[in-house]
1. Specify which of the listed residues (I123, I113, I98) is under 18 Å from F66 (Cα atoms) and of a type in the set (A, V, I, L, M).
2. Select from the range 17-60 the residues that are among the aromatic types (F, W, Y) and within 15 Å of D73 (Cα to Cα) and write down the one among them that is surrounded by the most Cβ atoms within 10 Å (Cβ to Cβ).
3. Output the residues belonging to the range 84-130 that are of a type in the set (S, T, Y) and farther than 19 Å from G63 by Cα.
4. Checking the structure you have, find out if any residue of the range 98-105 is of a type in the set (F, W, Y), more than 21 Å from M1 (Cβ to Cβ) and assigned to a loop (DSSP other than H, G, I, E, B).
5. Whether any residue in the range 76-91 is among the hydroxyl-bearing types (S, T, Y), surrounded by fewer than 18 Cβ atoms within 10 Å (Cβ to Cβ) and outside any loop (DSSP other than H, G, I, E, B) is what I want to check.
6. Does S115 satisfy the condition of being free of Cβ contacts under 8 Å to residues at least 60 places away in the same chain and more than 20 Å from V24 (Cα to Cα)?
7. Only one residue in K111, K129, K55 is modelled with pLDDT of 90 or more and in a loop (DSSP other than H, G, I, E, B). Which one?
8. Suppose we keep only residues that are acidic (D, E) and over 19 Å from S42 (Cβ atoms) within the range 72-106. Which one would you say is modelled with the highest pLDDT?
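The values are calculated or read from the model by the stated rules, or taken from the named source; none is laboratory data. Please read all numbers here as calculations on a predicted model, not as lab measurements. A quick note on method: Cβ atoms are made from the backbone with ideal geometry, for glycine too, and the neighbour counts reach across all protein chains shown.
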Amino acid sequence: MTREAFKQVLDLRRISYKEEGNRVVVTHGGYTNLRGLTSLPSGVVFKNSGTLDLKSLTSLPSGVEFKNGRNIDLRSLTSLNSDIEFKNGGDIDLRSLIGGLRVEYWEGNIKGIDSKRLLNKMISLGLFKR
């Protein structure tokens, strides 16, 4: 998806955003419904205050940042580039990657280690790159 096509989707769905250099920063308050999108352009930063619904997304380019306030639904993703890092305030649904409903309840977690910290380390090592 091109940057312009992404901005058109945001405008159509009345999702607020701003442009910072070559980045599109999603600043929408509350639940952000981007269900139905299967791809994103690089350089998107999610700083929305609530849950982010990207459940139809099948690919995620480098340079996308997640800093939203709540959960993220990425259930259809089958790989993650090693530069992706989750800094969101809630849990992440990566069921196509990890086989479970959400990262917080994933069988691969290690007791005593924050589940998102473990996930980010595994991503940085390229363990979800296919």
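1. Every option except I123 fails the conditions.
2. Within the range 17-60, the first condition is being among the aromatic types (F, W, Y), and the residues that meet it are 17, 31, 46.
Those left that are additionally within 15 Å of D73 (Cα to Cα): 31, 46.
Details: Y31: 13, F46: 24.
By that ranking, first place goes to F46.
3. Within the range 84-130, S96, Y105, S115 qualify.
4. Taking the range 98-105 and keeping what is of a type in the set (F, W, Y), we get 105.
After this cut, where a residue has to be more than 21 Å from M1 (Cβ to Cβ) as well, the list is 105.
Cutting the leftovers down to assigned to a loop (DSSP other than H, G, I, E, B) gives us none.
Checked against the condition, which is being of a type in the set (F, W, Y), more than 21 Å from M1 (Cβ to Cβ) and assigned to a loop (DSSP other than H, G, I, E, B), the range 98-105 yields no hits at all.
5. No.
6. Numbers: free of Cβ contacts under 8 Å to residues at least 60 places away in the same chain: yes; more than 20 Å from V24 (Cα to Cα): yes.
Taking the combined requirement at face value, the residue satisfies it.
7. Checking each option against the conditions leaves just K55.
8. So the residue we want is D73.
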